[in-house]
Structure formats: structure tokens, C-alpha cells
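Enquirer: This is the structure I have questions about; it appears just below.
The values are calculated or read from the model by the stated rules, or taken from the named source; none is laboratory data. It should be emphasised that the depicted structure is a prediction, and the values quoted were computed from it without experimental measurement. Heads up, the Cβs are rebuilt from the backbone with ideal geometry, glycines too, and the neighbour counts pull from every protein chain shown. Note: accessible area is taken over every heavy atom of the protein model, side chains too, but ligands, DNA and RNA are not part of it. Shrake-Rupley method; radii C 1.70, N 1.55, O 1.52, S 1.80 Å.
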Amino acid sequence: CRKNQTKKTTIQQYIDLYAGPELLMHFKYSNVMNLVFVTFLHGVAFPILFPITLFGIFNNFLLERILLAYYYKQPPLFDNRLNDRALGALFYAPFFMLANAYWVLGNRQMFFNEPYPK
């Protein structure tokens, strides 16, 4: 009995048996966009979110590089449309940050414990 014996009859069946799942790019983009938008929206009130997000994006980058090399099937070729749309959406994150920062930093209840009269 041979050690590397298989019951697959074609090479493509053998490749499909040991190939990983397909790479789903939209989940990768949505994860990064979620991290960035949540951090920009709440980062002024919770500054610890900035290093946490930096670690999360770096960890995501490193893990995806390794998984792309050793685990996923070869991804189809992508053009720049997905990347351009993601960058276009991320363009608005600082505006949400500015709007929320204006409210957080201008709130006297937070810094001086002065309640608003009813």
C-alpha cells in the first residue's frame, strides 16, 4: 500500500480536494472600512481606539498575506474599481470624525460636570 495513494481520477479533482476556499475580497474591504469608520467616529472620545485599530489593520494585513500565499485558492484578477470605491467611501471618515469631535470636545458636561438646565 502506497503512502500517497488517492481515489481521485483526474488531476483537477485532486487539486480541488486540497485547495482552500475562495478569497472573498468584499469581506476584507468591509472589515477594514468598519475598523476605520468606528475608530474615526469614536476615536476622539476613546483615543485608545487608534492604536487598537493600527494593531488590527496590521494584524489583518499580515494574516491575509500568509493566508493568500498558503491557504486560499488563487484569486481571480481584480481591477482597481473595488479599491477606488473603497477609498472613495473612506474619504468621508474624517468628516464624521470632525462632526463627532465638535460634539465631544464641546460638551461641557463631559469635562466640567455642569448639567444643562431643563
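Enquirer: Heavy atoms only, probe 1.4 Å: what % of the accessible area of the chain goes to carbon and sulfur, would you let me know? Let's see the in-between values first.
Expert: Numbers: 6730 of 10300 Å².
In the chain, the share of accessible area belonging to carbon and sulfur is 65 percent.
Enquirer: So, one more: Please give the helix 25-42 orientation as an angle from the longest Cα principal axis of the chain, in degrees from 0 to 90, rounded to the nearest 10.
Expert: 20 degrees
Enquirer: Give the cross-link partners of LYS28 among the lysines, using a straight C-alpha distance below 23 Å as the criterion and excluding same-chain residues fewer than 8 apart.
Expert: Hits, sequence-local ones excluded: LYS73.
Enquirer: Treat each spin label as a single point 7 Å out from the Cα along the C-beta direction, and report the PHE95 to LEU24 distance in nm.
Expert: Placing both labels 7 Å along Cα→Cβ, they lie 3.0 nm apart.
Enquirer: Go ahead and run the numbers for FRET between ASP84 and PHE111, Cβ-Cβ distance against an R0 of 41 Å, rounding to 0.05. Could the numbers behind the result be given before it?
Expert: Numbers: r = 41 Å, r/R0 = 0.99.
So, using R0 = 41 Å, E works out to roughly 0.50.
Enquirer: List the chymotrypsin sites (Phe, Trp or Tyr not before Pro) in the stretch 1-75 that DSSP assigns to loop (not H, G, I, E or B) and whose Cβ has at most 16 other Cβ atoms within 10 Å. Which are they?
Expert: Working: sites: TYR14, TYR18, PHE27, TYR29, PHE37, PHE40, PHE55, PHE58, PHE61, TYR70, TYR71, TYR72; in loops: TYR71, TYR72.
Sparse-neighbourhood loop chymotrypsin sites (Phe, Trp or Tyr not before Pro): TYR71, TYR72.
Enquirer: Sticking with this structure for a sec: Could you point to the residue in ASN60, PRO75, ASN107 farthest towards the positive end of the chain's charge dipole, with +1 and -1 charges on the Cβ of Lys/Arg and Asp/Glu respectively?
Expert: Going by the Cα projections, it comes out as PRO75.
Enquirer: Where in the stretch 1-96 are there trypsin sites (Lys or Arg not before Pro) that are in a DSSP coil and have at most 14 other Cβ atoms within 10 angstrom of their Cβ? Show your work: numbers first, answer last.
Expert: On the way: sites: ARG2, LYS3, LYS7, LYS8, LYS28, ARG65, LYS73, ARG81, ARG85; in loops: ARG2, LYS3, LYS7, LYS8, LYS73.
Sites meeting the loop and neighbour criteria: ARG2, LYS3, LYS7, LYS8, LYS73.
Enquirer: Rounded to the nearest 0.05, what FRET efficiency is calculated for LYS118 and ALA45 with R0 set to 35 Å and r the Cβ-Cβ distance? Please list the in-between numbers first.
Expert: Details: r = 24 Å, r/R0 = 0.69.
Given R0 = 35 Å and the Cβ-Cβ separation, E is 0.90.
Enquirer: Using only the alpha-carbon atoms of the chain, report the extent along each of the three principal axes, biggest first, to the nearest angstrom.
Expert: Computed over the chain, the largest-to-smallest principal extents equal 85, 33, 25 Å.
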